[in-house]
Structures are given as C-alpha cells and as structure tokens.
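To start, the structure itself, in structure tokens.
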Amino acid sequence: MLVHFVKAVQRMFCQTRLFKNLKSVLRYGHTIRKPSPMDRNEAWHLLNLHIKNPANIRHALAVEALMRSLAEKFGADAGQWGIAGLLHDMDWEETTDQPERHTEVAAEILRAQGCDDAIIRAIRAHNYLGTARPHELMDKALYSTEEMTGLVTAAVMVLPSRKIADLSVRSIMKKFKEKSFARGVSRAIINETPEMLGLSVEELAEITLHAMQGVHEQLGI
Ligand SMILES: [Fe+2]
C-alpha cells in the first residue's frame with residue numbers, strides 16, 4: 001500500500017514543471033521554456049551556450065544570412081528561416097564523434113525550449129546521415145544551400161585581400177568546378193539546389209555572396 005502511494009507521488013512529481021526544469025538544467029544547463037516562437041535574441045543566446053569555436057559561430061551567422069535572403073526570395077518568413085540557419089549546427093561540438101546523432105541532440109534541446117516544429121524539422125532534415133528528409137521548402141533550402149557558404153568562405157581565404165567585397169560570382173563558380181579546391185564542400189549536395197529550389201548553382205552563388213557580404217563584419221571577412 002505504502003509502496004503504491006510513494007510511486008504515485010513520485011509519478012506526480014515527475015510531471016511537474018519543477019522536475020522537468022531540474023532535469024533540463026542538469027542536462028542542458030538551462031530551464032525549459034514555455035512554448036512560444038523563439039526570437040533571434042533567444043536563438044543567439046542558445047547558440048552561444050552550445051557552440052564555443054568562433055569559426056562555428058561564423059558558419060552559423062553565414063547560414064543565417066543566406067537563409068534570410070532565400071526566405072525573402074521565396075516570400076517566406078525570414079525570421080523563421082534565419083533562426084533555422086543560425087541554429088542548424090548548434091549541437092555540432094557535442095556530436096563530433098557521432099555524426100548520425102548530429103541534429104538529433106539539437107532537436108531535443110529545441111523541443112525543450114518550445115521551438116517551432118518547422119524549424120526543428122528543417123534542422124533535422126539537413127543532416128544527410130540522419131533519418132529525416134527535406135520535405136518543405138525551408139528544409140530543402142537549408143539542406144541544399146548551406147555548403148555554398150563554406151565554398152564562399154574558402155574562396156575568400158585565398159584572395160590576397162581576404163575580403164569578401166573582392167570576391168565575384170565568376171570566381172566562386174570557378175572554385176565550384178575545381179574539385180580539388182575546398183574538398184570538404186559537397187558539390188553533390190549543392191548540385192541538388194536546382195531540383196530542390198529551382199535555382200541554378202550560379203544563382204545560389206550570387207545570393208550567397210550578397211547575403212554574406214551583408215554580414216561581412218560579423219564574419220570578419
Ligand atoms: Fe552547417
């Protein structure tokens with residue numbers, strides 16, 4: 001009898017916000033938030049809690065800028081697409097040794113924060129090693145275009161000035177075709193852009209260049 005009573009009390013406690021918050025603090029270092037649209041400041045704060053390498057922060061900012069530009073092009077919600085871009089690799093440093101877990105850890109954290117399902121879905125779908133596949137336009141944009149920011153960054157690094165203002169679309173396209181340049185950038189994924197978004201690779205290069213030029217100070221290039 002007493003055992004049943006103790007178990008019932010234990011079950012009730014586990015359902016309380018206090019318990020869930022304690023669990024979240026122990027696991028992620030912050031409490032659970034009430035479901036509400038995440039704003040940019042909250043997303044930025046969360047990113048900095050989980051990402052420490054400045055290069056990874058710059059990558060997040062580049063993809064955010066690109067996603068915002070793509071949303072504007074497609075008449076979508078730039079705030080929402082931007083947050084998906086900013087947070088897409090937020091678990092990168094925690095999942096380095098488990099690439100198949102990449103984005104699943106982020107999804108868990110974001111669910112606990114009450115983040116928009118559409119953002120979580122797009123983030124999960126951008127890991128081609130994971131189980132989620134890009135379905136909606138925002139998913140496809142994040143999946144097929146984020147690699148282009150890596151190519152643009154690498155192309156800036158080999159310029160004498162190391163300034164993105166001096167980079168041209170022509171030069172990006174030349175580097176895109178040079179397979180030995182920035183080998184880590186998947187040309188195969190970028191080549192899916194025309195089918196996924198109806199944009200040519202050259203159009204994507206142009207949008208990416210302008211988007212990244214718009215945040216060049218934050219990117220330090
Ligand atoms: Fe990324």
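Looking only at the stretch 197-206, decide whether some residue is buried (at least 17 other Cβ atoms within 10 Å of the Cβ), closer than 25 Å to M38 by Cβ, modelled with pLDDT of 95 or more and in contact with a Phe, Trp or Tyr (Cβ under 9 Å, 6 or more places away or on another chain).
yes
Identify, from the list L22, L46, the residue that is more than 18 Å from L219 (Cβ to Cβ), at pLDDT below 95 and aliphatic (A, V, I, L, M).
Just one listed residue meets the conditions, L22.
Within the set of pairs 6 or more residues apart or between chains, which connect a residue that is touching a residue at least 40 places away in the same chain (Cβ under 8 Å) inside the stretch 114-136 to a residue that is basic (K, R) and surrounded by fewer than 14 Cβ atoms within 10 Å (Cβ to Cβ) with Cβ atoms less than 9 Å apart?
The qualifying pairs are G114/K34.
If you scan the stretch 95-113, which residues turn out to be touching a residue at least 12 places away in the same chain (Cβ under 8 Å) and not in a helix (DSSP H, G or I)?
Within the stretch 95-113, H102, T103, Q113 qualify.
The rows are residues; the columns are (1) of a type in the set (S, T, Y); (2) at pLDDT below 95; (3) buried (at least 18 other Cβ atoms within 10 Å of the Cβ).
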{"position": "D139", "(1), (2), (3)": "no, no, yes"}
{"position": "M157", "(1), (2), (3)": "no, no, no"}
{"position": "S161", "(1), (2), (3)": "yes, no, no"}
{"position": "I164", "(1), (2), (3)": "no, no, yes"}
{"position": "K174", "(1), (2), (3)": "no, no, no"}
{"position": "I190", "(1), (2), (3)": "no, no, yes"}
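When you go through (1) in a loop (DSSP other than H, G, I, E, B); (2) buried (at least 24 other Cβ atoms within 10 Å of the Cβ) one by one for T131, which number turns out not to apply?
The one condition T131 does not meet is (2).
Take the residues in the stretch 57-100 that are closer than 13 Å to H126 by Cβ and small (G, A, S), then tell me which one is farthest from the ligand (Cβ to nearest atom).
The qualifying residue farthest from the ligand (Cβ to nearest atom) is A84.
What's the number of the only condition in (1) out of contact with any Lys or Arg (no Cβ under 6 Å at 6 or more places or on another chain); (2) polar (S, T, N, Q); (3) within 15 Å of the ligand (Cβ to nearest atom) that T103 fails to meet?
The failed condition is (1).
Out of all the residues in the stretch 78-104, which are more than 19 Å from M212 (Cα to Cα) and of a type outside the set (S, T, Y)?
M90, D91, W92, E93, E94, D97, Q98, P99, E100, R101, H102, E104
The values are calculated or read from the model by the stated rules, or taken from the named source; none is laboratory data. These numbers were taken from a predicted model, which means no experiment stands behind them. Don't worry about glycine lacking a Cβ; one is built from the backbone with ideal geometry, like all the others, and counts go over all protein chains shown.
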